[in-house]
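Shown next, in structure tokens, is the structure this report addresses.
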Amino acid sequence: MKKSLIADLSLLFVTFIWGTTFVLVQNAIDFLPPFAFNGIRFIIAAILLFICLLIFDFKQLKQINIKLLASGLLIGFWLFLGYITQTIGLLYTTTSKAGFITGLSVVLVPLFSLILLKQSPSKNAVIGAIAATIGLFFLTFTDVTGLNMGDGFVFICAISFGMHIIITGKYSNKYPTLLLTVIQISTVALFSTVASFIFEDFNQSVRINILLSKDVLIALIITSVFATAFAFFVQTNFQKYTSATRVALIFAMEPVFAAFAGYFWANERLSINALFGCILIFMGMIFAELPSGKLNFLKKTKGLES
């Protein structure tokens, strides 16, 4: 099996984890403010990854230098900025609009790749990105209202997540995966904790009775272990084998998995538009995976038929 296919399947599994844990996070932040939740979640993940580093490959620590630290900090900064702007945006806009605008990173990533990395996306990837964007609209846009300040924050979130994909792809093949992931996750943990102190009542948030409550404890354990430590290690490790545009298309499946998780676990209704959107996103992702030769074959077939 090709490394690129293994990478794409691994990233799809990560997207499945993110989508299916969305309901858990929503339940947890009813009790624990979002910045505090992310701070604790990323602190736990950073500790777990650092323990793994010490146990399995502590020699990586000898490779720490200024460039490696700067790369990990930069990746972590864009990830943190995506989380914080999305959280602030949700205070002023609807969940459906936020979901669509965040998903626009599927269009922004090919543009960033072209401008920053001088990498032109394939025709298949471009068509797949367009299909996925239309699918995101049908899946998430249940209300069409004017733009507001919250939408602006969420658009910054889309830019940030897009840049996170670009920067991860740029540095993931230059430095040890586990060490780079530890620095990235630690950066998000630090920034999220500071943001909690500034914007939230952190001392009130981290009360033992809240942290040990069933919903919060389960959400923290699952998200820190699987949706953070495992997920970002896999992204950092496998993104070097695929393109940034394909990664963005795969990540566009997150709201699809979230929608089905909500349907099965939270009794949320899936409309016809939402189902149509899910199909378009899935088709866009599959279309981007097709070799370019497939398009040429279709063109030749059409030419023979005419």
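The values are calculated or read from the model by the stated rules, or taken from the named source; none is laboratory data. Computed from a predicted model, the values in this text were never measured in an experiment. Here the Cβ is made from the backbone with ideal geometry for all residues, glycine too, and neighbour counts use every protein chain on show.
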- Note on the structure: Considering residues that are within 13 Å of V234 (Cα to Cα), β-branched (V, I, T) and surrounded by fewer than 24 Cβ atoms within 10 Å (Cβ to Cβ), the number found within the range 166-186 is 1
- Checked the range 22-33 for anything surrounded by fewer than 23 Cβ atoms within 10 Å (Cβ to Cβ) and touching a residue at least 12 places away in the same chain (Cβ under 8 Å); matches are F22, V23, L24, V25, N27, D30, F31, P33
- Note on the structure: F22 vs (1) farther than 18 Å from S172 by Cα; (2) out of contact with any Gly (no Cβ under 8 Å at 6 or more places or on another chain): all pass except (2)
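Taking the condition among the hydrophobic types (A, V, I, L, M, F, W, C), over 30 Å from A131 (Cα atoms) and surrounded by fewer than 24 Cβ atoms within 10 Å (Cβ to Cβ), does F191 pass? Please lay out each step first, then the result.
Working: among the hydrophobic types (A, V, I, L, M, F, W, C): yes; over 30 Å from A131 (Cα atoms): yes; surrounded by fewer than 24 Cβ atoms within 10 Å (Cβ to Cβ): yes.
Against the criterion (among the hydrophobic types (A, V, I, L, M, F, W, C), over 30 Å from A131 (Cα atoms) and surrounded by fewer than 24 Cβ atoms within 10 Å (Cβ to Cβ)), F191 qualifies.
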- Quick check: anything in the range 99-112 of a type in the set (S, T, N, Q), over 20 Å from T242 (Cα atoms) and not in a helix (DSSP H, G or I)? no
- Restricting attention to the range 65-97, which residues are in contact with a Gly (Cβ under 6 Å, 6 or more places away or on another chain) and not in a loop (DSSP other than H, G, I, E, B)? G89
- Can you name the condition, by its number, that L9 falls short on among (1) without any contact (Cβ under 8 Å) to a residue 40 or more places away in the chain; (2) more than 23 Å from F282 (Cβ to Cβ)? (2)
- Task: Could you list, in sequence order, all residues of the range 194-249 that are among the hydroxyl-bearing types (S, T, Y) and over 17 Å from N38 (Cα atoms)?
- Result: T236, Y241, T242, S243, T245
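Sort through K170, K174 and tell me the only one that's assigned to a helix (DSSP H, G or I), farther than 22 Å from A28 by Cβ and in contact (Cβ under 8 Å) with a residue 40 or more places away in the chain. Break it down into steps so the answer makes sense when it comes.
On the way: K174 fails: assigned to a helix (DSSP H, G or I).
After applying the criteria, what remains is K170.
Among the listed residues G82, G89, which satisfies the condition of being touching a Cys at 6+ places or on another chain (Cβ under 7 Å), under 22 Å from Y171 (Cα atoms) and either in contact (Cβ under 8 Å) with a residue 12 or more places away in the chain or surrounded by 22 or more Cβ atoms within 10 Å (Cβ to Cβ) (or both)?
On the way: G89 fails: under 22 Å from Y171 (Cα atoms).
Selected residue: G82, the only one of G82, G89 that is touching a Cys at 6+ places or on another chain (Cβ under 7 Å), under 22 Å from Y171 (Cα atoms) and either in contact (Cβ under 8 Å) with a residue 12 or more places away in the chain or surrounded by 22 or more Cβ atoms within 10 Å (Cβ to Cβ) (or both).
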- Message: Quick test of your reading of the structure: F77 fulfils all but one of (1) crowded, with 20+ Cβ neighbours inside 10 Å; (2) closer than 20 Å to F232 by Cα. Name the failing condition by number.
- Response: (1)
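Can you name the residue in the range 202-251 that is of a type in the set (F, W, Y) and surrounded by fewer than 23 Cβ atoms within 10 Å (Cβ to Cβ) and, of all such residues, is modelled with the lowest pLDDT? Talk me through it step by step, then tell me what you get.
So the first thing to find is which residues in the range 202-251 are of a type in the set (F, W, Y), and the list is 202, 226, 230, 232-233, 238, 241, 251.
This time we only want the ones that are surrounded by fewer than 23 Cβ atoms within 10 Å (Cβ to Cβ), so: 202, 226, 230, 233, 238, 241.
Numbers: F202: 72, F226: 95, F230: 97, F233: 96, F238: 94, Y241: 92.
Filtering first and then ranking leaves F202.
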- Query: V106 passes all but one of (1) aliphatic (A, V, I, L, M); (2) closer than 14 Å to L249 by Cβ; (3) loosely packed, with under 15 Cβ neighbours inside 10 Å; which number fails?
  - Reply: (3)
